[in-house]
1. On the given criteria, is residue 141 surrounded by 17 or more Cβ atoms within 10 Å (Cβ to Cβ), charged (D, E, K, R) and in contact (Cβ under 8 Å) with a residue 24 or more places away in the chain?
2. Taking the criterion of being more than 17 Å from the chain's Cα centre (by Cα), of a type in the set (S, T, N, Q) and over 29 Å from residue 338 (Cβ atoms), would at least one residue in region 46-54 satisfy it?
3. So if I check each of 76, 86, 20, 40, which one is in the same structural domain as residue 108 (by TED's automatic domain parsing) and modelled with pLDDT of 80 or more?
4. Exactly one condition in (1) surrounded by fewer than 17 Cβ atoms within 10 Å (Cβ to Cβ); (2) within 25 Å of residue 229 (Cβ to Cβ); (3) not charged (D, E, K, R) is false for residue 164; which is it?
5. Listed residues 89, 18; which is surrounded by fewer than 19 Cβ atoms within 10 Å (Cβ to Cβ), free of Cβ contacts under 8 Å to residues at least 12 places away in the same chain, farther than 29 Å from residue 146 by Cα and of a type in the set (A, V, I, L, M, F, W, C)?
6. Yes or no: residue 70 free of Cβ contacts under 8 Å to residues at least 60 places away in the same chain, crowded, with 17+ Cβ neighbours inside 10 Å and either within 22 Å of residue 153 (Cβ to Cβ) or over 24 Å from the mean Cα position of the chain (by Cα) (or both)?
7. When you scan region 185-201, do you find a residue that is touching a Phe, Trp or Tyr at 6+ places or on another chain (Cβ under 6 Å) and either farther than 28 Å from residue 61 by Cβ or surrounded by fewer than 24 Cβ atoms within 10 Å (Cβ to Cβ) (or both), even just one?
Amino acid sequence: MHKTSAWPLALIYVALVVYASLYPFSEWRYQGIVPWVFLASPLPKYWTGFDVVANVLGYVPLGFLLALSALRSGRAHYALGLATLAAGVLSLALESLQSYLPARVPSNVDLALNLLGAWLGAVLAWTLEKLGVIDRWSRFRARWFVADARGALVLLAVWPLALLFPAAVPFGLGQVLERLEATLADVLQDTPFLNWLPVREIELQPLVPGVELVCVMLGLLIPCLLGYCIIRSVGRRALFLLVIFALGMAATALSAALSYGPQHAWAWFSLPVKAGLVTALVLVVLLLGVPRRASAALVLLALGIYLSLLNQAPTSPYFAQTLSTWEQGRFIRFHGVAQWLGWLWPYAALVYVLTQVGGREPKN
């Protein structure tokens with residue numbers, strides 16, 4: 001039996017699949033038919049190669065993670081069947097729910113392709129297990145990380161995905177104040193509670209270059225320090241910080257390329273961002289030898305400053321254009337997931353680190 005990161009990652013991926021399958025979550029209606037009638041419907045006349053590939057590949061990671069969870073939890077004999085069955089039940093439920101959405105069309109072909117993708121993912125996990133790759137990863141994890149590192153590993157795995165939706169400041173995750181104010185105002189509209197909301201006398205102003213530098217620096221410092229909380233040696237921490245910097249810059253460049261075109265992939269790489277990157281690199285190198293508990297305390301301090309500064313900035317003036325660009329392309333079903341990850345990641349990290357600081361010292 002192993003404590004595996006595959007299970008929480010599978011739950012996160014299930015949320016992505018649910019979002020992708022039920023977007024835009026509006027105009028629900030009952031058509032007077034049984035939701036699963038599509039199972040006996042004729043095969044669709046029109047389909048595209050993208051739809052086929054997306055339906056297969058979309059469920060491969062889910063089947064892989066579910067099977068890996070079963071394999072690492074001592075259920076190796078049932079891993080293939082459990083993963084495929086669980087993914088099939090999810091797909092059947094989501095396809096049935098699509099009958100209530102005017103913008104979506106349930107399809108027996110989509111269900112079959114989802115099952116195929118989940119089965120392929122499960123077979124991949126089973127094959128890697130039989131080849132010993134998973135055991136080698138377990139030994140690698142045991143050498144590099146403390147015993148109870150699952151929560152931090154999940155957060156670090158999700159971090160590059162959270163960077164995919166463009167933010168007002170590069171590496172600026174958790175910017176929710178302005179949107180939260182607008183949402184509360186909409187919810188409380190035409191109620192006496194609307195007057196209870198605090199009213200800002202001036203609009204939020206764009207961050208000055210110096211504050212942008214600090215936000216970029218903290219945006220990279222936080223995941224590095226989070227890794228320091230679970231990584232054993234100084235040498236491995238040094239390799240880890242190089243990976244974090246590479247992943248962060250690659251994800252941010254990919255986000256810009258998807259939003260504004262490949263020619264603008266590095267448009268965000270301004271002077272304050274460069275200075276923030278250099279400052280972050282100097283700090284994480286100086287902190288290579290800091291104890292794990294001290295790393296956790298520094299993460300809390302950095303998160304407090306980071307979220308306070310970032311939420312004093314307005315959303316990007318190009319936000320509406322960005323959203324339109326993503327919605328007009330093939331990312332319409334996925335942009336919201338990346339956006340939610342970007343909003344919630346720092347707060348999830350805050351909760352995780354608080355539990356670590358408040359608990360006992362992590363086991364070696």
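The values are calculated or read from the model by the stated rules, or taken from the named source; none is laboratory data. Here the structure is a predicted model, which is why all the values come from computation and not from measurement. Virtual Cβ from ideal backbone geometry, glycine too; neighbours counted across all protein chains shown.
1. The answer is no for residue 141.
2. no
3. Just a single option satisfies the conditions, and that option is 86.
4. Single failed check for residue 164: (1).
5. Only one candidate passes the filter, namely 89.
6. yes
7. no
Residue-by-condition table, conditions (1) loosely packed, with under 12 Cβ neighbours inside 10 Å; (2) under 30 Å from residue 141 (Cβ atoms); (3) under 25 Å from the mean Cα position of the chain (by Cα); (4) not assigned by TED's automatic domain parsing to the domain that holds residue 157:
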{"residue": "238", "(1), (2), (3), (4)": "no, yes, yes, no"}
{"residue": "247", "(1), (2), (3), (4)": "no, yes, yes, no"}
{"residue": "263", "(1), (2), (3), (4)": "yes, no, no, no"}
{"residue": "267", "(1), (2), (3), (4)": "no, no, yes, no"}
{"residue": "272", "(1), (2), (3), (4)": "no, no, no, no"}
{"residue": "288", "(1), (2), (3), (4)": "no, yes, no, no"}
